[in-house]
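Data first, discussion second: the structure below is written as structure tokens.
The values are calculated or read from the model by the stated rules, or taken from the named source; none is laboratory data. These numbers come from a predicted model, not from an experiment. Ideal geometry is used to build each Cβ from the backbone, glycine not excepted, and the neighbour counts take in all protein chains shown. Protein only, heavy atoms only, side chains kept; ligands, DNA and RNA dropped before computing areas. Shrake-Rupley method; radii C 1.70, N 1.55, O 1.52, S 1.80 Å.
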Amino acid sequence: MNMPAGKLTNGLIIANVVIFLLVWLFGWEQDAILRGGMFPIRLSGEFIDTSVYGWLVPAWLTPLSSAFLHSGLLHIGFNMLMLLFCGRFVEQALGPQLMAVLYVAGAYAAAIAQFAVEPASMIPMVGASGAISAILGAYALLFARYKVDPVGPIPGHVVRIIWLTLAWIGIQLMIGLATSGNLQGIAIFAHIGGFVAGLVLTRPLLEWRFRSA
């Protein structure tokens with residue numbers, strides 16, 4: 001299968017890589033994460049003393065700003081590889097505008113899921129993994145090759161969504177163990193939130209695209 005073109009996908013990859021290189025070259029890693037990372041406690045409305053920390057991205061915008069920050073080469077490399085190979089196919093199916101909607105929705109769904117589990121956490125969440133998880137959810141739903149049979153009263157398409165979600169959870173657990181030796185190095189629930197957003201939003205976005213065509 002030839003990989004389709006994808007202007008939005010390519011643009012997102014370029015933006016992420018350029019930001020990563022600038023932050024790395026100028027030694028801004030800690031400062032960028034502090035100012036632009038998604039801290040769950042900030043979404044709780046906790047006051048942050050800006051006289052101590054300096055200027056911060058507004059809390060409501062950090063789910064998006066944090067999606068353009070990465071903690072290392074392995075982090076950004078894995079994310080951009082997944083975005084490259086899945087994003088172009090999803091962009092072909094949804095179009096660039098609706099894929100952008102899905103990407104942003106995935107970033108916010110990831111942040112909300114992580115916040116729901118750890119609302120008082122002061123550990124920053126960074127990386128495009130949540131947004132890309134939404135793209136992966138759409139890709140899995142759009143390009144799964146095998147028909148799924150219903151299980152009792154549960155329709156086949158719902159069974160597929162459940163199966164894909166559980167599979168993605170398992171993959172995230174394995175990645176966390178492989179990269180850090182424990183599950184503290186990866187925002188598991190953020191990935192799950194983004195992936196579920198992709199599963200839920202793909203069909204309505206497709207219907208919107210073809211209804212508007």
Subset of region 2-41 (residues that are open to solvent by less than 60 Å² (accessible area, probe 1.4 Å) and in a loop (DSSP other than H, G, I, E, B)):
Pro4, Gly6, Gly27, Gly37, Phe39
Say whether the condition of being closer than 21 Å to Arg35 by Cβ, in contact (Cβ under 8 Å) with a residue 40 or more places away in the chain and open to solvent by 20 Å² or more (accessible area, probe 1.4 Å) is met by at least one residue in region 74-95.
yes
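Considering region 159-178 alone, what residues qualify as being of a type in the set (A, V, I, L, M), open to solvent by 50 Å² or more (accessible area, probe 1.4 Å) and modelled with pLDDT of 70 or more? Break it down into steps so the answer makes sense when it comes.
Looking only at region 159-178, we keep the residues that are of a type in the set (A, V, I, L, M), and these are 159, 161-162, 164, 166-167, 169, 171, 173-175, 177-178.
With the extra rule that they be open to solvent by 50 Å² or more (accessible area, probe 1.4 Å), the set shrinks to 161-162, 166, 171, 173-174, 177-178.
The answer is Ile161, Ile162, Leu166.
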Go through region 101-127 and count every residue that is in a loop (DSSP other than H, G, I, E, B) and under 16 Å from Leu61 (Cα atoms).
3
